[in-house]
Amino acid sequence: MPAYIAAGLRSLRWLMRQQSSKDGIFRPIGSQSFGGRRAPPRAFDQQPLEATATISACLAAWRADGNLMWKADAARAFAWFLGSNDLSTPLVDLETGSCLDGLHPDRPNENRGGESVVSYLLSLAEIRQVARWAASRTDPELLHAFRS
């Protein structure tokens, strides 16, 4: 494995430790942390963009080294959208497809901006792509289609 890939994987492992609560749920670095020097990350304000970037990074890492831990980490980050988060609150409205703008310490941010919706939809697309790929590797009919 090239040194730059190994360095990237080490960096992502470190980031994932920073983005995990004591209970093991995904906790994106809160934007209240931005600008602080050499201080531990703050838990809030959590935003969808960080979850999406984490999902993309974890799936890229999985494609680079094949470690299933990365797929599990991507799934944990995706579950953040669905309510596996510090407030146990879904950010996504499955009926409308809208997505809340994030989590404050005491409540969700009720805004539903375009960046949040796009972040969720990009995450959903990546998770579905991996699921389709996995299904195609185990579905004998799909494998037969490739032999024809």
Surface accessible to a 1.4 Å probe, Val130 within the full protein complex, Å²: 20 Å²
Solvent-accessible area per residue, Å², over the chain with all protein chains present [probe radius 1.4 Å]: 61 Å²
5 angstrom amide H check on Gly102, placed H, neighbours 5+ away: Asn109
Segment 88-115 versus segment 1-43: alpha-carbon centroid distance in Å: 22 Å
Per-residue [θ]222 nm for the chain (sum of -39500 (n - 2.57) over DSSP H runs n ≥ 4, rounded to 500): -18500 deg cm²/dmol
Carbon + sulfur, % of accessible area of the chain - ligands and nucleic acids excluded, 1.4 Å: 56 percent
For segment 66-75, Karplus couplings with θ = phi - 60° (6.51, -1.76, 1.60), whole Hz, Gly/Pro x: x, 6, 5, 4, 5, 5, 5, 5, 5, 5
Those chymotrypsin sites (Phe, Trp or Tyr not before Pro) in segment 5-47 that DSSP places in a loop and that have at most 10 other beta carbons within 10 Å: Phe34
Mean separation of Cα contacts under 8 Å (6+ apart) over length of the chain, as relative contact order %: 18 percent
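The values are calculated or read from the model by the stated rules, or taken from the named source; none is laboratory data. Note that the structure is predicted; figures quoted are calculated from it, not measured. Cβ: placed from backbone, ideal geometry, glycine included. Neighbour counts: every protein chain shown. All accessible areas refer to the heavy atoms of the entire protein, side chains included, with ligands and DNA or RNA removed. Shrake-Rupley method; radii C 1.70, N 1.55, O 1.52, S 1.80 Å.
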